[in-house]
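Contents: one structure, followed by commentary.
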Amino acid sequence: MKRLAVFTLFFLYFGFCLSSSQSTEAISLKFSGYVKTDVFFDSRQIDQLREGHFSIIPKNELLDPNGDDINAKPNFNILSIQTRLAGTITGPDVLGAKSMAYFETEFFGSTDATINTLRLRHAFLKFSWENFELLAGQYWHPLFVVDCYPGTIGFNTGAPFQPFIRSPQLRLTAKFDSLKLIFTALSQRDFQSPGPDGLSTIYIRNSAIPNLNAQFQIKLFANSLLGAGVDYKRLAPRIKTAKGFTTDEKVDGLSFIGFIKFAFEEFQFKAEGVLGENLAEMVMLGGYAVIDNTKDKWEYTPNKNLSLWTDISYGKDVEFGLFGGYSKNLGTKENYRVFYGRGEDVYDLLRISPRIQFTFGKVKIAGELEFMRANFGKVNNNDKGKVTDTKGVNNIRTQLAFMYIF
């Protein structure tokens, strides 16, 4: 509480100083954000983050000695941890470019152990010229397309079908009429890859190569767009062998994305497809595996997944929406022994989520029903991770959200 009070007083004082300044530098700070409370109920146990607030997939059956499924137990919670504060700072031109900075924080915490405490979401500065834009700082990964993402009520925003990750980065955008070319170099922070030492940023740091992304976006008309991109990531899971010798084995991941959005007044249609390797840190299925860990020298093989989603919405003061997502585990390139990632035993996933949202000025009240089916099976790591003998489990989540925007 003491740290929160100091943090709040600092920004209030800083904002007062900036707004009252008579300097010709014309620096300004504007606060924004919202207060939000979510009420949700799940029909079974789920893999999740922050006491269920961020749902991922239903848990597989866990049978007791009588053959009853332990995970077929319902769960509910009420949380306000998504409450958010953001600040937009604008200042004088720099090198002929308009300059600004942005920060955003919320009470989500960085881990389940730090829930209800502040965490950094975004923190970046941006320089905008007529045809170019440079962003430096922490922001959405390019695979999370800010102009084309699901409008779900649930905080997962379509994950694990939609990449969900924020990353420290350098991003250069070139703008030519209706065309944007975006080039990004990224590292990891809160969203981390799995590996021999658990979740960590050390694997991408030791690769000595940033995550690289290239993307194009074409504005079709009004707020409609079409785009595609490619993403490359290299990890170095170990820098020394079990016998203490130096090693430089690495695993590469190559991913592709395509998306489209049509917007006509109160109607919107969005769709996206991702064919990706080793995307576990993006809260998606996947990861990578060790081909043979009996040798001192390890070789790796990435897991590949296909994810598709579409989102349709209509209305303004009363908005109706429907999200649908599908994800398929495509296995690995080679046979393997040890797997690092999420959903090794998942054959495929399906989610359907209808929603309704009422807007009363600054207040939004929304409800969503989320049906999700996960088909689990036996993993044959001697057949490139193929999943067979599948059996499905279902979860139904009902959620209410209350939000005041400022």
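Descriptive notes on the structure:
- Shape index of the chain: Rg/Rh, with Rg the Cα radius of gyration and Rh the Kirkwood radius from the inverse mean 1/r over Cα pairs, equals 0.98.
- Entry note, region 298-402: relative contact order of 24 percent, from Cα contacts under 8 Å with a spacing of 6+ residues.
- Ellipticity estimate at 222 nm from DSSP helix runs (n ≥ 4, -39,500 (n - 2.57)) divided over the chain, nearest 500: -2000 deg cm²/dmol
- ³J(HN,Hα), Karplus 6.51/-1.76/1.60, whole Hz, each residue of region 92-105, x for Gly, Pro: x, 5, 10, 6, x, 10, 6, 10, 7, 9, 8, 9, 8, 9
- Applied to region 335-342, the Karplus parametrisation 6.51 cos²θ - 1.76 cosθ + 1.60 on θ = phi - 60° returns per-residue 3J(HN,Hα) values of 5, 8, 10, 10, 10, 10, x, 10 Hz, with x for Gly and Pro.
- Cβ-based exposure ranking for Thr388, Thr247, in which fewest neighbours within 10 Å come first: Thr388, Thr247
- The relative contact order of the chain, computed from alpha carbon pairs under 8 Å that lie at least 6 residues apart in sequence, is 13 percent.
- For Leu330, the amide hydrogen comes within under 5 Å of the amide hydrogens of Lys304, Asn305, Leu306, counting only partners 5 or more places away or on other chains and with H modelled in the peptide plane.
- When the chain is treated as a Gaussian network with alpha carbon springs shorter than 10 Å, the biggest mean-square fluctuation among Asn116, Asn223, Asn395 belongs to Asn223.
- Of Lys250/Lys270; Lys126/Lys304; Lys59/Lys261; Lys304/Lys391, pairs whose Cα-Cα distance is over 31 Å: Lys250/Lys270; Lys126/Lys304; Lys59/Lys261
- Cβ-Cβ FRET estimate between Asn382 and Leu220, R0 fixed at 45 Å, reported to 0.05: 0.40
Here, each number is a calculation from the coordinates, and none is a lab measurement. Everything numeric in this text was worked out from a predicted model, so none of it was measured. With ideal geometry, Cβ positions are generated from the backbone for all residues, glycine too; neighbour counts draw on all protein chains shown.
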